[in-house]
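One structure is given here, and the rest of the page talks about it.
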Amino acid sequence: MMGQLRSHTVRICEIDFAPEPGKPYCLGGLTSEISSNFLKLFQEYELHVNNQCFSHVDDLDSQLSAMELSVEVANNGRHQISKLQIYPSTGDVSFVLGAKLTI
């Protein structure tokens, strides 16, 4: 599926993703550049994961959780997401797909 990752009403990036059959977990990849407003955050996240500085990762996870993240898919609406991970160096994306939002 092609979709847009969003925080509130701001576009983060476009992705191509697929849910795991029978599970809410989704894997995918970037199909556009990450918005400059968010790029540093995800670069920092990737750095801390690679250096195994998990206390910093937890702090960044808290910041992401507060952003009201969603994915918008044409003809399928917008859905809440959680546990978003974006790795700018590889273009990998993963997240947990949540409830459909009514807008």
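Hey, what angle do you get for helix 36-50 against the long axis of the chain, alpha-carbon based, 0 to 90 degrees rounded to 10? On a 0 to 90 degree scale, this one is about 60.
Taking every DSSP helix (H) stretch of at least 4 residues in the chain, weighting each as -39,500 (n - 2.57) and dividing the sum by the residue count yields a mean residue ellipticity at 222 nm of -8500 deg cm²/dmol. Assuming charge only on the beta carbon of Lys and Arg (+1) and of Asp and Glu (-1), the dipole of region 2-101 about its Cα centre is about 320 debye to the nearest 20. Can you list the residues of region 21-40 with backbone N under 12 Å from a point 7 Å past the Cα of Met1, pointing along Cα to Cβ? Backbone N within reach: 21-27.
Within straight cross-link reach of Lys40, meaning Cα distance under 27 Å, which lysines are found once same-chain residues fewer than 8 apart are removed? Hits, sequence-local ones excluded: Lys83. Counting every alpha-carbon pair across the chain, the share separated by more than 16 Å comes to 54%. Peptides 53-62, 34-43 ranked from most to least packed by the mean count of surrounding Cβ atoms within 10 Å: 34-43, 53-62.
None of the figures in this text is laboratory data; all of them are computed from the coordinates on show. Keep in mind the model is a prediction, meaning the values are calculated, not measured. Backbone-built Cβ (ideal geometry, glycine too); neighbour counts: all protein chains shown.
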